[in-house]
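Laboratory data are not the source of any read-out in this text; all were calculated from the coordinates shown. Since the model is a prediction, treat every value here as computed from it, not as a measurement. A quick note on method: Cβ atoms are made from the backbone with ideal geometry, for glycine too, and the neighbour counts reach across all protein chains shown.
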C-alpha cells in the first residue's frame with residue numbers, strides 16, 4: 001500500500017507498520033496523529049503527507065500533556081509579610097533620652113512600613129487624623145495620651161507612604177468597668193490584690209535595675225518579655241475572668257483579633273507591617289504571631305542600633 005496523499009474518510013497506513021488513525025473526511029493532504037483514537041491535524045499543506053502516529057507514543061503524549069499544563073499553571077509561592085513588633089513606653093517617650101520621640105521617628109523611618117497597626121480604637125482614629133490635619137494637634141482623649149502617635153506617627157504620615165490601621169480593642173465603658181472592679185478588689189480580695197501589686201512592682205524594679213525600662217534595644221529582647229510576663233502572671237491568673245473584657249488575656253485577645261484581621265487581609269503580599277503597642281503587650285502579641293506561617297517575624301532591636 002502506498003503512502004497516499006488523499007485519504008478522505010479512509011484508514012491510512014504509515015510504512016509497513018499497521019498503526020491506524022482516522023483522517024478527517026474531505027480534508028486531503030493533512031498530517032494526522034492518532035491520540036486516543038481521534039484525529040488531530042498538526043500541519044496542513046497542499047503537498048503534505050498523511051502520517052499515522054504510533055498509539056504508544058500517542059498515549060505517552062496524552063499522559064504528559066496534563067502534567068505539563070499542571071506545572072505551567074502552578075502559581076509561585078505566596079510572599080511572606082514582614083512583621084516588626086515595637087514596644088511603646090507612652091509618656092516616657094517625652095522624657096527619655098534613650099527612647100525619645102526623635103529616636104522613635106528614626107526607627108520608623110528605617111523600618112519603612114507599608115502598614116502601621118497601632119493601639120488606637122477603630123472608632124477614634126478618624127477623629128484624631130482629622131484633628132491633626134486641621135490644626136497639627138490631637139485632642140481626641142484616647143489618642144492624645146499616646147505621644148508615640150501624636151508626636152511621631154501622625155507627623156511621619158505626612159512624609160511617608162504607610163497606612164495606619166487601628167487595632168485596639170479598648171472601649172471607654174470597658175475601661176471604666178475594669179477600674180471600678182479593681183477598686184473593689186483592693187478591699188474585697190485584699191490578699192490577691194496585694195499579690196498582683198507586688199508582682200507588678202517587682203517587674204518594674206527588675207526592669208529598672210537591668211536598665212531596660214527605657215532602652216529601646218533592651219526593651220526588644222526576650223529577657224524583657226520574660227520579666228514582664230512574670231510580673232503580670234498574678235494579675236492575669238487572679239483577675240482576668242472577673243474583669244471580663246478588660247482582663248489581661250481578654251483585652252490582649254481583643255487586640256490580637258484586630259491585628260490578625262489586618263494581617264489576613266494582606267496575606268501573601270510581601271508587605272511590611274509595624275505593630276506599635278505598649279511594651280508590656282509585646283510578649284503576648286509576639287507569642288500569637290509565632291503561630292502564623294505567612295509572616296516573617298523581624299527582630300526590632302537592630303532598627304535602634
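Just a few scattered comments:
- Whole-number percent relative contact order across region 81-304, with pairs defined as alpha carbons under 8 Å at least 6 apart: 40 percent
- Per principal axis, descending, Cα span of region 81-304 in whole Å: 51, 37, 35
- Extending 7 Å from Cα along the Cβ direction at residue 145 and again at residue 110 yields two label points whose distance is 3.0 nm.
- Estimated from the Cβ-Cβ distance and a Förster radius of 30 angstrom, the FRET efficiency linking residue 79 and residue 237 is about 0.15.
- As a rough guide to protection, the peptides 275-287, 230-242 ranked by mean Cβ packing within 10 Å, highest first, stand as 275-287, 230-242.
- All Cα pairs of region 192-250, percent lying beyond 20 Å: 31 percent
- Using the Cβ-Cβ distance between residue 204 and residue 261 with R0 = 30 Å, the FRET efficiency computed as 1/(1 + (r/R0)^6) comes to roughly 0.40.
- Burial order of peptide ranges 158-165, 79-86, 219-226, 291-298 (average beta-carbon count within 10 Å, highest first): 79-86, 219-226, 158-165, 291-298
- Two-decimal Rg/Rh across region 98-211, once Rg and the Kirkwood Rh are taken from alpha-carbon atoms: 1.08
- Two-decimal log10 I(q)/I(0) for region 245-305, as the Debye equation yields it once each C-alpha is a single scatterer, q = 0.22 Å⁻¹: -1.01
- Alpha-carbon gyration tensor eigenvalues x 5, square-rooted, for region 204-305, Å: 24, 21, 9
- Separation of alpha-carbon centers, region 184-251 and region 256-305, rounded to whole Å: 22 Å
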